[in-house]
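Notes follow once the structure below has been shown.
The values are calculated or read from the model by the stated rules, or taken from the named source; none is laboratory data. For clarity, every value in this text was computed on a predicted model and none was experimentally measured. Methodologically, a virtual Cβ is constructed for each residue, glycine included, from the backbone with ideal geometry; neighbour enumeration extends over all protein chains shown.
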Amino acid sequence: MMYQIPMESLDRLLAAIAAQQKLYLPTDNTAGEAVYTEWTQGAALSKKLNTLRSAKDFFFPQIQNMAKFRREGKKIEVIDDRAEADDFCIFGVRACDVRSFDVLDNVFLADPVDTWYETRRKHATVISLACTRPGETCFCHTFGIDAAKAGGDIQCWETKDTFYLEPLTEKGQALADALIAADGELLTQCGADQEALVEKETERIHKILEKLPLYDLKAEDNRERELELFRSKKWKELSSHCLGCGACTFVCPTCQCFDIEDFNNGETVQRYRCWDSCMYHDFTLMAAGTPRLTQTERFRQRFMHKLVYYPKAHDGLFSCVGCGRCLRKCPIHMNIVKVMETLKEEKE
Amino acid sequence: MQNELKWRGLELLKDGAVDRILGWRAGQFVYDITPDVFTDPEDLEKNFIYNEFCGANLSKYLIAESAKEGKVAVFLKPCDTYSFNQLCTEHRIHRENVYVIGIECYGKVSVDALRQRGIDGITGIRSEMGSLKIDTIYGEESVPAMEVYAERCRNCKSKKHVVFDELIGADGEVVDDCDRFDMVEKLEQMSAQERFEFWRGELSRCIRCNACRNVCPACSCEKCVFDNPKSGVLNKAAADNFEENMFHIIRAYHVAGRCTDCGECSRVCPEHIPLHLLNRKFIKDYNELYGDFVAGESVGQMSPVADFTTDRDAEPSVVQKGGDQ
Amino acid sequence: MQMNDKEWKPKIIAFCCNWCSYSGADLAGTNRLSYPAEVKIIRVPCSCRVNPMFILRAFQQGADGVILCGCHPGDCHYSTGNYHTRRRMTLLFSMLNYLGVESARTRVEWVSAAEGARFVSVMDSFVADITKLGPNRRLEDLRCKTN
């Protein structure tokens, strides 16, 4: 079942969703980048290709409190200070970020389940949006992602005059039903004609994708070449000018490493987790030191994880979704595409 | 200009005058350029690039490169030469191992500035008579180059090379009428509450990726205090407002008197936080309080932050005089 | 935001150099002069031992005002320490003010070992200033608030 609403009524649609549950959507910030913000009356959906930070923040925020400890006399009290989560809705998620949730699910929902992640995930409804104007840094096609059919609980398309919605899951259908129940005139069911228009829009997007400079980039199955790639001499060249900052990991929708730290204020200890970056020299630091002494090893870890280790553990699924954020944000423009192409040369 | 640089590099490599060339390597797009070292003339010929997107300051890489055996030639733009001198002052660069080729610079373009104008899907960029012709998959766009220069280039402080062994192109002059302190002044004139809100708005976007710190030629500690679990201020992520403020105050303070205002911190910030405004506040303050000082102008200078006079220094209470409630 | 003035008492950290100001505070004590109990003294070997991080950390841990006391310029036990303090703190306070922190929350005063009475008057006036200003909100760490 597909629904439509005129573009000029988009605000009405957003308001109707926000009346049901908390709604987050990409809006432009003062620095001219798109970021997810909570919807308020008059909030305008960003026209940017994608948000600066990915949508993983909703399920795996940069900082998350885990527990609190308080000591009284000889007793230590452990406080689970989790707040009850409410249902919320993320609007305008691109296809790449929708796929990134699968990548993260494989990690956080595998046994033992990460309950913090699971709670947020359960309460979320993902409304995706097809890309109208993909950029040159996009290569989601490489990983078999269709930017024109973004997936999620409800997938949407925006054209010049009409906004189309297609619920894909029970959760998505439930939201659509609730919207219709609240306001019978909000959404109109699409006939065959309109569905053909959506099909046309999909084709239009596919044509643009074919023109993208990275369209022909192939992701090779390197699961069998683990050791060979690990020992490759190319890592040294590739990483030689890496600054060791965490920009790539923090904007990445699939990077999922974190560190757990305690903050002691003298009375209570707040245990929290925060994103960590394999690019940092103290990543996986142990009592005996760190297993990766040089930036080359740290750099290799990041890309081996995305291209070899993760696929090996998860049926060949790559831990990269081709969103292109790292291509835009790396201070020295050393990125996964350059790594993939170099590794390919290695083979030839 | 690219060819001139390339031929000179090839000459130096083939003559054996230098063993390595530190320059810029072309990427997939016209703008995604990586600083790199070239040892093979063929590689240099094929992959060396110099265009309006070669903004990266190469001087910090010389800390590692000049410590290696043999001689390295490096291309430095005028503002990069200040960082180079400053690193020499701090004894971080082995000067005898470096051959500095000063290169003329008219300003570098920020690709983010293009994106903010809604230009995306960039496949090529040509520079024609001061304007940029940008090919995108959605058609051609044209913008005046001046308008999409990085902030540091729009407010260029010097086109003069303070150090070079040879020069390609002409040497310029220090820009006397540069407006780089305008925004600092504007902030100073705001009320404390307005300033507080301004900085909260900027610093709250920080994701603590450390790009500003790691790219900075003045930040060259072996181990940063914020990475040291024993310092008591280890933080991988800014857990609250205080930690955001603390990191940026300490970062800017630590480079005060050594920062040459090269603008790399603001260039690399993924969140576009105007970090240069923190550095420039220190520069403006010590210029006003202790006399003009330009970090990196020459080798061996004494930083005003490490120096003092017994009788002429202002008391810290001068700060109180600025209206602040 | 402002709490009831009668209930709220500021927390003040005073960094005092061992040779002059700490002895000055000592002298105040032996002379039976009292200074406000809100002031918590941290003794440092020289005022220039205090690096900018100390000031920030004091605010983080809940201070509402931070004052740094050292020997009068020219009288430093180590000859030049307080000259460094003077420049460093001028620049730091200016930066804090630039970020919107009220400049009255930070102060440097020179107090000699013979100036017990001056120590008391300095602390009285600083505490009065901070009390007027109210709790530190702009440079606080909420995680450190214990209640």
If you check A:LEU229 against the conditions, is it over 22 Å from the mean Cα position of the chain (by Cα), in a helix (DSSP H, G or I) and farther than 30 Å from A:MET1 by Cβ?
yes
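Can you pull out the residues in the stretch C:26-74 that are of a type in the set (Lys, Arg) and under 20 Å from B:SER231 (Cα atoms)? Spell out how you get there, then give the answer.
Our first condition is that a residue be of a type in the set (Lys, Arg); within the stretch C:26-74, this holds for C:32, C:40, C:43, C:49, C:57.
Across the stretch C:26-74, the qualifying residues are C:ARG43, C:ARG49, C:ARG57.
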Can you find a residue that is buried (at least 18 other Cβ atoms within 10 Å of the Cβ) and either aromatic (Phe, Trp, Tyr) or modelled with pLDDT under 95 (or both) anywhere in the stretch B:165-172?
no
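With A:PHE250, A:PHE263 as the choices, which residue is modelled with pLDDT of 95 or more, in contact with a strand residue (DSSP E or B) (Cβ under 9 Å, 6 or more places away or on another chain) and facing chain B (nearest Cβ under 8 Å)? Show your work before the answer.
Numbers: A:PHE263 fails: modelled with pLDDT of 95 or more.
Step by step, each of A:PHE250, A:PHE263 is checked, and only A:PHE250 is modelled with pLDDT of 95 or more, in contact with a strand residue (DSSP E or B) (Cβ under 9 Å, 6 or more places away or on another chain) and facing chain B (nearest Cβ under 8 Å).
Within the stretch B:84-99, identify whether any single residue is surrounded by 15 or more Cβ atoms within 10 Å (Cβ to Cβ) and within 14 Å of another protein chain (Cβ to nearest Cβ), and answer yes or no.
Applying the first criterion (surrounded by 15 or more Cβ atoms within 10 Å (Cβ to Cβ)) to the stretch B:84-99 yields B:84-90, B:92-95, B:97-99.
Those left that are additionally within 14 Å of another protein chain (Cβ to nearest Cβ): none.
Taking every residue of the stretch B:84-99 in turn, none turns out to be surrounded by 15 or more Cβ atoms within 10 Å (Cβ to Cβ) and within 14 Å of another protein chain (Cβ to nearest Cβ).
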Has the stretch B:164-172 got any residue that is within 14 Å of another protein chain (Cβ to nearest Cβ) and out of contact with any strand residue (DSSP E or B) (no Cβ under 9 Å at 6 or more places or on another chain)?
no
Exactly one of (1) closer than 29 Å to B:ILE273 by Cα; (2) surrounded by fewer than 17 Cβ atoms within 10 Å (Cβ to Cβ); (3) more than 7 Å from every other protein chain (Cβ to nearest Cβ); (4) not basic (Lys, Arg) is unmet by A:ASP282. Its number?
(3)
Pairs, please: C-beta under 7 Å, at least 6 apart or cross-chain, first residue more than 7 Å from every other protein chain (Cβ to nearest Cβ) and in the stretch C:89-107, second hydroxyl-bearing (Ser, Thr, Tyr) and surrounded by 23 or more Cβ atoms within 10 Å (Cβ to Cβ)?
C:LEU96/C:THR106
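State whether one or more residues within the stretch A:85-98 are in contact (Cβ under 8 Å) with a residue 24 or more places away in the chain, among the acidic types (Asp, Glu) and more than 29 Å from A:ASP183 (Cα to Cα). Give the derivation first.
Taking the stretch A:85-98 first, the residues in contact (Cβ under 8 Å) with a residue 24 or more places away in the chain are A:85-98.
Those left that are additionally among the acidic types (Asp, Glu): A:86-87, A:97.
Those still in the list that are more than 29 Å from A:ASP183 (Cα to Cα) too: A:97.
Yes, some residue in the stretch A:85-98 is in contact (Cβ under 8 Å) with a residue 24 or more places away in the chain, among the acidic types (Asp, Glu) and more than 29 Å from A:ASP183 (Cα to Cα).
Residue-wise test of (1) crowded, with 21+ Cβ neighbours inside 10 Å; (2) hydroxyl-bearing (Ser, Thr, Tyr); (3) without any contact (Cβ under 8 Å) to a residue 12 or more places away in the chain; (4) more than 10 Å from chain A (Cβ to nearest Cβ).
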{"position": "B:GLN2", "(1), (2), (3), (4)": "no, no, no, yes"}
{"position": "B:GLU11", "(1), (2), (3), (4)": "no, no, yes, yes"}
{"position": "B:LEU22", "(1), (2), (3), (4)": "yes, no, no, no"}
{"position": "B:ARG25", "(1), (2), (3), (4)": "yes, no, no, no"}
{"position": "B:LYS60", "(1), (2), (3), (4)": "yes, no, no, no"}
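Tell me which helices (runs of 4 or more DSSP H) are completely within the stretch B:46-151 and hold 3 or more residues being among the aliphatic types (A, V, I, L, M), or say none if there are none.
On the way: elements: B:61-65, B:78-89, B:111-116.
Answer list for the stretch B:46-151: B:61-65, B:111-116.
Conditions (1) at pLDDT 95 or above; (2) surrounded by 23 or more Cβ atoms within 10 Å (Cβ to Cβ), marked per residue:
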| residue | (1), (2) |
| --- | --- |
| C:ILE41 | yes, no |
| C:PRO45 | yes, no |
| C:ARG49 | yes, no |
| C:ALA58 | yes, yes |
| C:GLN61 | no, no |
| C:TYR83 | yes, no |
| C:MET89 | yes, yes |
| C:VAL101 | no, yes |
Can you name every residue in the stretch B:218-255 that is farther than 27 Å from B:HIS91 by Cβ and among the polar types (S, T, N, Q)?
B:ASN235, B:ASN241, B:ASN245
Which one of the conditions (1) within 7 Å of chain C (Cβ to nearest Cβ); (2) under 21 Å from B:GLU151 (Cα atoms); (3) surrounded by fewer than 16 Cβ atoms within 10 Å (Cβ to Cβ) does B:LEU187 fail to meet, given that it meets all the rest?
(3)
Does any residue of the stretch B:215-222 turn out to be outside the structural domain of B:LEU76 (by TED's automatic domain parsing), under 15 Å from A:CYS245 (Cα atoms) and of a type in the set (Val, Ile, Thr)?
yes
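Matching residues to (1) within 24 Å of A:ALA95 (Cα to Cα); (2) assigned by TED's automatic domain parsing to the domain that holds A:PRO311; (3) hydrophobic (A, V, I, L, M, F, W, C); (4) part of a helix (DSSP H, G or I):
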residue	(1), (2), (3), (4)
A:GLY172	yes, no, no, yes
A:LEU179	yes, no, yes, yes
A:GLN194	yes, no, no, yes
A:GLU199	yes, no, no, yes
A:HIS206	yes, no, no, yes
A:LEU217	yes, no, yes, no
A:TRP235	no, yes, yes, yes
Which number in (1) surrounded by fewer than 19 Cβ atoms within 10 Å (Cβ to Cβ); (2) at pLDDT 95 or above; (3) under 21 Å from B:ALA218 (Cβ atoms) marks the one condition that B:THR81 misses?
(1)
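Does A:ASP97 meet the test of being in contact with a helix residue (DSSP H, G or I) (Cβ under 7 Å, 6 or more places away or on another chain) and either crowded, with 23+ Cβ neighbours inside 10 Å or not in a strand (DSSP E or B) (or both)?
Details: in contact with a helix residue (DSSP H, G or I) (Cβ under 7 Å, 6 or more places away or on another chain): yes; either crowded, with 23+ Cβ neighbours inside 10 Å or not in a strand (DSSP E or B) (or both): yes.
Answer is yes for this residue.
When the residues of the stretch A:187-210 are filtered to those that are within 14 Å of chain B (Cβ to nearest Cβ) and over 24 Å from the mean Cα position of the chain (by Cα), which remaining residue is surrounded by the most Cβ atoms within 10 Å (Cβ to Cβ)? I'd like the intermediate steps shown before the answer.
First, the residues of the stretch A:187-210 that are within 14 Å of chain B (Cβ to nearest Cβ): A:204-210.
With the extra rule that they be over 24 Å from the mean Cα position of the chain (by Cα), the set shrinks to A:204, A:207.
Numbers: A:ARG204: 14, A:LYS207: 10.
Selected residue: A:ARG204.
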Restricting to the stretch A:38-57, what's the tally of residues that are closer than 20 Å to A:TRP275 by Cβ and either not charged (D, E, K, R) or not in a loop (DSSP other than H, G, I, E, B) (or both)?
7
Residues of the stretch B:37-55 satisfying the condition of being modelled with pLDDT of 95 or more and facing chain A (nearest Cβ under 10 Å):
B:VAL37
Go through the stretch A:100-143 and report how many residues are in a helix (DSSP H, G or I), of a type in the set (Ser, Thr, Tyr) and over 18 Å from A:ARG328 (Cβ atoms).
3
